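For reference, the structure is listed below as structure tokens.
The values are calculated or read from the model by the stated rules, or taken from the named source; none is laboratory data. Nothing here was measured: the structure is a model prediction, and the numbers come from that model. Glycine also receives a Cβ, built like all others from the backbone with ideal geometry; neighbour counts cover every protein chain displayed.
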Amino acid sequence: MDTRQLKQEIIEYSKEIGIDKIGFASADVFGELKERLKRQQSLKYQSGFEKGSNEERTEPERLLPGAQSILSIAIAYPSRMKDAPISTKEDRRGIFARASWGIDYHVVLRDRLEKLSAFINEKLPDSVNKVMVDTGELSDRAVAERAGIGFSGKNTSIITPEFGSFVYLGELITNIPFIPDDPVEDSCGDCRKCLDACPTGALVQGGQLNAQRCIAFLTQTKDFLPDEFRTKIGTRIYGCDTCQVVCPRNKKVDFHIHPEFEPENEIAKPKLKPMLRISNREFKDTFGHVSGSWRGKKPLQRNALIALGHYKDKTAVEEMIGVMNNDPRPVIRGTAAWALGKIGTEEAYEAIKTAMEKEQDEQVLYEMEKGLDFLKEPSAK
């Protein structure tokens, strides 16, 4: 079959199945990316969530022998929540990043890509394809940039001309030699709003991210959150959108094309206190279908405690004392003690002192000491 004709048919079919943008790239080695990965590793800037070796992440033929092309897809998601619930003094709320609104995008994009693969196999039975969404070895952004989906912005996001950076990315490696598309011209110019707005300075320079300082990464860790980031995380439960929200290319960008990605308001902006006592079954039933649940409930509960401390929510003190005294997980007990100290009531002060008498975990005791340091003069609070 004429690959030019097949390419056009794939583009048309992609629109039918809900793919907003598709681009075609060569399967050549990503040489520049390989060098960048080496630099990131030497600087210890990687998150640790990355999959595969540098070779697997930059040499498509290692993933699919005989690879000739890579198809990159983009699907837009909303940037604004309709009728967003209000956080009140009685019911404080946290927030999930926009990329975790609606159904887990891994599921949705994989479905689209599998359909695309089946379509290609139907047209060309000898074709061999491999589908990947985010958790694969290849860099979705590097592929999308090469395929002309958008340019890589200073905030390290792919910025499309049509949908800004509010897009999910996925790719399909194939042994079909398609004519590649042209890259999109970088349009960041002298703008540095994302770099200046990053709460933790994780954006070291345009296009370079220290993932170890990125709030989006930190909200997914399971250990105690380092002190310097606890006030920075604010009321975020999962992820961070700051570098995208401030981007001029995202001004007035808000696409509600796919019902699957519409936020369920009570999940995207959940009440914090109920998150402290949620069971494993309730967590799975409530949050299991969103991408922000992939690390389990522990990081989200830790973040909820930090958010309640940020709010200085006195209505949560009794419940947080219960968590500090009874939760079997040291990270949760310790974070509860720290947050109680931030809230700063007489009741919290006495509860921490009492809890210290029976606590045996050294890290938890250290967090309790921090809590007491906030409460040296509880009567003045």
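As an exercise: evaluate P259 against (1) touching a Pro at 6+ places or on another chain (Cβ under 7 Å); (2) surrounded by fewer than 17 Cβ atoms within 10 Å (Cβ to Cβ); (3) not aromatic (F, W, Y) and give the number of the one condition it does not meet. Failed condition: (1).
Looking at S79, S100, S127, S53, which is the one that is more than 23 Å from G288 (Cβ to Cβ), polar (S, T, N, Q) and surrounded by 18 or more Cβ atoms within 10 Å (Cβ to Cβ)?
Numbers: S100 fails: more than 23 Å from G288 (Cβ to Cβ); S127 fails: surrounded by 18 or more Cβ atoms within 10 Å (Cβ to Cβ); S53 fails: surrounded by 18 or more Cβ atoms within 10 Å (Cβ to Cβ).
Only one candidate qualifies: S79.
Scanning region 84-104 for residues being of a type outside the set (A, V, I, L, M, F, W, C), out of contact with any Leu (no Cβ under 9 Å at 6 or more places or on another chain) and either in contact (Cβ under 8 Å) with a residue 24 or more places away in the chain or in the same structural domain as F163 (by TED's automatic domain parsing) (or both) gives a total of 7.
Right, F163: in contact with an Asp or Glu (Cβ under 7 Å, 6 or more places away or on another chain), under 23 Å from R80 (Cβ atoms) and not basic (K, R) or not?
Values: in contact with an Asp or Glu (Cβ under 7 Å, 6 or more places away or on another chain): yes; under 23 Å from R80 (Cβ atoms): yes; not basic (K, R): yes.
Spelling it out, F163 is indeed in contact with an Asp or Glu (Cβ under 7 Å, 6 or more places away or on another chain), under 23 Å from R80 (Cβ atoms) and not basic (K, R).
Checked against (1) assigned to a loop (DSSP other than H, G, I, E, B); (2) of a type in the set (D, E); (3) over 21 Å from the mean Cα position of the chain (by Cα), E114 meets all criteria but (1).
For region 123-138, the set of residues classified as at pLDDT below 95 and small (G, A, S) consists of G136 only. Residues satisfying the criterion are present in region 311-320 (criterion: acidic (D, E), modelled with pLDDT of 95 or more, under 21 Å from E90 (Cα atoms) and in a helix (DSSP H, G or I)). Taking the criterion of being within 29 Å of I70 (Cβ to Cβ), part of a strand (DSSP E or B) and either modelled with pLDDT of 95 or more or not β-branched (V, I, T) (or both), would at least one residue in region 190-203 satisfy it? Yes, there is a match, as at least one residue in region 190-203 is within 29 Å of I70 (Cβ to Cβ), part of a strand (DSSP E or B) and either modelled with pLDDT of 95 or more or not β-branched (V, I, T) (or both).
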